[in-house]
Structures are given as structure tokens and as C-alpha cells.
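Here's the structure we're looking at; comments come further down.
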Amino acid sequence: MDEIQQQVGAVSYAPAPPEEFCGRREELEQLSALLSRAGEDGQAVMISGPPGIGKSSLLSRLAYEVQERPGGRQSPVLRAEVFDLPGMIFSAFRELLNDLRRRSASARFGSILGAESMREALRYADNVFGNYAAPVEPVGLLPKAGEEIIGVFARTPEVGYDRVYQAFEELLRELGRAVSMTGHVAAVLLDDVHLASSHDRRLLRDLVRDLPPGILLAFTCRTGDGAGSGYATMQEEIRELGIHEVHLAGMRRSEIRELAERRFGVSIDDAAAGFLEERAGDPFSLMTCFNALRSWGLAPSRENVADVIAERDGPAKLAFSTLPEPVKAWAENLCILNPPFPVPVMACMLDLQEAGVAPTTDRLLESGVFQRLPGGEYAFAHPLLQEHCRHGLSKETAVALNARAADCFERSIHRLPGRLYALLSLAGHLFDAREYGKAADLNLEIALRFHHRDDHDTALMLTERAIVSAEHLGDDALLSAAERQRDLIRQRASGPLTAGR
Ligand SMILES: Nc1ncnc2c1ncn2[C@@H]1O[C@H](COP(=O)(O)OP(=O)(O)O)[C@@H](O)[C@H]1O
Ligand SMILES: [Mg+2]
């Protein structure tokens, strides 16, 4: 009998669940050694490697080692992820804060983290983050002149970067103190810092410079995007600070066999494993290969493996080629959104009525190509899948989908909790939909707000959009206003930092 059973659904392309994590023993040992040192002296480590190599999975496994493993440390873990929308001021750090709040209120860690001093540090940091972001983060979004959406911003006391740094540093110190007193260590995990804005990177850099005892801060950073990428900048910065780097490379033969066995229930011979080690040793490629073999009912022989890999150009394409048609179409409709996708926007993009939402999201998850995030939003299971989908769109389709997305955001804006996310998404979709009239105003206005917050990268990117829009509109007055703003930002960006440190 053929040892392969055809199965519905694929093994998900999301980070590996810790119980299915394979190999990487040396890397885990390095992390474990750092963890042991962190009690005395706070430690930071960067986990780096190309997309699909297993950085997020290693982070999940580390979280399991620290918090869950029976006989392990049973210590608290805070985790957040940086997403690809520039300008989300300190959102990953605020997510860490929320995670800490949840832990300190939990039955499990309440006795360690629930002290009044911790609550006070949490309240203070929350307040400072909120006040710092207030000039950029709208308290509400209103239709202007009936159709155009604008932000409504609160007047709050001016809070500079220094206060943010001090508040977060004090919070980590308090956390380190609380865990150390009970013989624990806290792990603070940040995924995908190559996507962080210069602002967020600055906070990260300042924090790792002097981590308090009791804290291990581990973050992942994607390599391979060339000079000027987040990694190039990060690497330079961490070298200066003497931070450890755990660099992930492709899986070895034995690890590949373990992955096939544990995640797909198939045993592969040495010839097939050796071939994969040479040709497709990164875990993402391995996942696409084994899912394809499973979906087509092929035994994992060296020949079949070679055929499957050769037939498609690139692992992401291979992953899509095994999907049912409706899932492919849904993926195409969603790929221009910025993750995490809020459910109302997703439903609108897929034109679903309320009753259709749950069955559709179930099928998306079952396909292995989407994941549900802890906050209830959705995302592609791996960024390579979303990137592949985006690259495959024709210009016209991309414009049409962005127009739909802008419309969906305008319609559901009152139901979305993340107002900055909504505003920035809208500004991007309007521009990419070539709705230059609306795009120019909105991008120019929020750019100025980012400029006042010294987030020059985001301010410049938004202002450039306003310039292009003004050119398309042939609006000379708007164009010269936008160009003036760009020059001003460039000038400030090249000057000394204004907000301390
Ligand atoms: N050590 C591992 N064991 C089992 N599966 C893994 C392992 N590392 C990665 N994977 C799988 O490979 C794919 C890519 O891994 P991921 O952690 O998302 O990579 P990265 O974060 O570097 O892009 C995912 O589908 C994940 O489940
Ligand atoms: Mg990842």
C-alpha cells in the first residue's frame, strides 16, 4: 500500500508550533546559555537569517522553553511582532506592554508580576506612550466634506522621546526585579525588527545598551534585502553594542528528516534528504515541497522531490499551486492589505455577508496559507506568500484592489480599534489606487504630524506620495507646498536629533 495518505488541508506555513519544532539544537543551546546569564546581567540577542529560515519558529520555541516546558523555567514571556506598515509609532513596544498587563493579571503570574509598583510602572508607561503618539494617533476619524476621511487629534501635554525611553526602561527594570526575586527570568521577544521604523529601532537600541538583570531580550531580523535594509542598519548598531547574534542557515540532512517525520509523518531516505539539503534546505522551501507531495499523493522519493522542486519557480509559487481555486482568489484579494488584517476589512474585501465570514476564515486557515493572530486579526501565514501574491498582480488589478481597500477602510473605519493603522492604511491605499485628490491631502497632512514627532522616514515617504499626487493632478500650488515640506523634513533629518539622547 502506498505509505502516503492523501489529506485535506496543508500543514500551516505559520511559525512551527513548539511541539513540532525540529533540530536547531546548537542555536537553542546558545539561547539557553544567554538565558542563564540574564539573571545576573540582562542579555540581548539578535536572531538573523533570510526569510523562511525559521527565525519566528525559533522565537516560539524559545518562548516555550522559558514559559511552558514541564521542568523548564516556567518564567513569563512577553512577545510582539513588528508589521510592515511604517509609522505605527512604538506599536510593538505597546503590544509588549499589553502582554505584560495580561500576564500580571493572570492567575499564573499574578503573584510575581501583580505588585502595586509594577502596576504603577505599567500605568505610567502606557500614559507616556499614549501622550507621545497623540499628535499622530487620531482619537477619531471623521468624514470631511462628506467623503474624505480626516483624523481628529487630541491636545495632550508634549512628551519627548526621553520620557518614553525612561518609562519603558523603568518598566523593564521593575519586571527584572520582580522576576529575579522569585528566581525567574523574563523573556521579551520581538519578531521582525527589520520592519521597524527608525524610531522603534532607536528605542530598541537604547534599551539593549543597558538591559536590567532578569531580562533576556531576543529579536529577529531578516537578512538578504541588500544594503540600506533594516538588517544592514541593525547589524552595524548591534556590532557597536557587542550584542550576540544567532545566525540561522539551512537545515542539515538529519534535521530535514526530522521535519518530514514530525510534521508530515513521512520518512525520507538519505538520498532525498541530501538532495533537499543542497537545493532547498530552508524550512519554508521544505514545507512547500512536503505539502506539495502530500497534496498530490506522491511518495517522498528523491525523484519526486526533484520533480516537485524543479517544476515550479520558487517555493511560494509551489505553495500556491496546491491550493483550491477559491483560496487562491481570496489570497489575491487580500494581498494588498497591510497585516494584521482586521476582520471587517477582510469581509469587505471578499464581499462576504456576516454569515459567510466564519466559513471563509475557516477555509483560509485550513489552506495553511493564512494564520489567525493572537489579537483576532488575520495575516498570511508567511510574508513570502503575501509578497509572491503581490508580485503576481497586474498593474490594473493592483489599482482596482487598492481602490476597493480604500473604500472598505472608509466604510468600516468606525468599527476598527486601530485608528493609526486605519489612517495610514487609507493613505496608502488611496495613493496606490491613484485617487490622487484624496491621497494628496491626507498624506500631506499626516506627514507633517510625523515630522513633528521626528519620524523623518515616515514623514518623507508620506510627503513623497503627496508630491507625486500633486504632479498627477497638475496642481502647482499643492506641488510647491509639498516640495517645501519635503525640503524642510530633509533638512531636519540631516540635522542633530532634537528629542534628547
Ligand atoms: N525548526 C523548525 N521545525 C519545524 N518547522 C520549522 C522550523 N523552522 C521553520 N519551520 C517552518 O518553516 C516555515 C518558515 O519558518 P519561519 O519561522 O516563519 O521563518 P522566518 O521567520 O525566518 O521567515 C514555517 O512554515 C515554519 O513552520
Ligand atoms: Mg518570521
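Just so you know, all these numbers are worked out from the coordinates, no wet-lab data involved. Computed from a predicted model, the values in this text were never measured in an experiment. Virtual Cβ from ideal backbone geometry, glycine too; neighbours counted across all protein chains shown.
Applying 0.36 nm per residue to the separation of Arg108 and Ala329 and subtracting their alpha-carbon distance, the gain on full extension is 75.3 nm.
Taken about its Cα centre, segment 272-426 carries a charge dipole of roughly 300 debye when the Cβ of each Lys and Arg holds +1 and the Cβ of each Asp and Glu holds -1.
Between the beta carbons of Glu278 and Glu471, assuming R0 = 41 Å, the FRET efficiency works out to 0.25 to the nearest 0.05. A simple spin-label model places pseudo-atoms 7 Å from Cα toward Cβ; at Arg119 and Arg415 they are separated by 3.5 nm. DSSP beta bridges confined to the chain are antiparallel in about 30 percent of cases. Across the chain, the relative contact order, built from alpha-carbon pairs under 8 Å that are at least six residues apart, equals 19 percent. When the Cα positions of Ala178, His414, Val357 are compared along the charge dipole of the chain, Ala178 comes out farthest toward the positive end, with charges on each C-beta of Lys, Arg, Asp and Glu. The alpha carbon gyration tensor of the chain gives principal lengths a ≥ b ≥ c with a/c of 1.5 or higher and a/b no greater than b/c, which makes the shape oblate.
Exposure proxy for His244, His391, His456: other Cβ atoms within 10 Å of each Cβ, ordered fewest to most, give His391, His244, His456. Considering only GluC sites (Glu not before Pro) in DSSP loops that have at most 13 other Cβ atoms within 10 Å, the longest stretch of the chain without any of them is 159-501.
Model label points for Arg484 and Asp41, set 7 angstrom from Cα along the Cα-to-Cβ axis, are 5.5 nm apart. Report the paramagnetic label zone for Arg492: residues of segment 117-139 whose backbone N is under 18 Å from a point 7 Å from Cα along the Cα-to-Cβ axis. Within reach of a label on Arg492: 131-138. The fewest-to-most ranking of His199, His184, His472 by surrounding Cβ atoms within 10 Å reads His472, His184, His199. For the pair segment 203-257 / segment 67-93, the C-alpha centres are spaced 15 Å from each other. Cysteine residues of the chain whose Cβ has no partner cysteine Cβ closer than 4.7 Å: Cys22, Cys221, Cys289.
If r is the Cβ-Cβ distance from Asp307 to Ser254 and R0 is 25 Å, what FRET efficiency results, to the nearest 0.05? It comes to 0.55. Among the chymotrypsin sites (Phe, Trp or Tyr not before Pro) in segment 286-368, those placed in a DSSP loop whose Cβ has at most 16 other Cβ atoms within 10 Å are Trp296. Gain on full extension, evaluated as 0.36 nm per residue between Arg434 and Ala154 minus their Cα-Cα distance, stands at 97.8 nm. Judged by the ratio a/c of the largest to the smallest principal axis of the C-alpha gyration tensor, segment 253-321 counts as rounded, that ratio being less than 1.5.
Mean separation of Cα pairs under 8 Å and 6 or more residues apart, divided by the residue count, gives segment 253-321 a relative contact order of 31 percent.
For the chain, build the charge dipole from Cβ charges (+1 Lys, Arg; -1 Asp, Glu) around the Cα centre, then report which of Gly314, Leu204, Ala272 sits farthest towards its positive end. Value computed over the given set: Leu204. Only Lys, Arg, Asp and Glu carry charge here, each on its Cβ (+1 for the first two, -1 for the last two); on that basis segment 189-291 has a dipole of about 80 debye about its Cα centre. The distance between label points at Arg363 and Lys395 comes to 3.3 nm (points 7 Å beyond Cα on the Cα→Cβ vector). Only the Cβ atoms of Lys and Arg (+1) and of Asp and Glu (-1) were treated as charged; on that basis the dipole of the chain about its Cα centre amounts to roughly 980 debye. When each of Cys289, Cys348 is scored by the number of other beta-carbon atoms lying within 10 Å, the sequence from fewest to most is Cys348, Cys289. Annotation: extensible slack from His244 through Ser267 equals 4.7 nm (criterion: 0.36 nm per residue apart, minus Cα-Cα distance). When only Cα pairs below 8 angstrom with a gap of at least 6 residues are kept, segment 24-247 shows a relative contact order of 34 percent.
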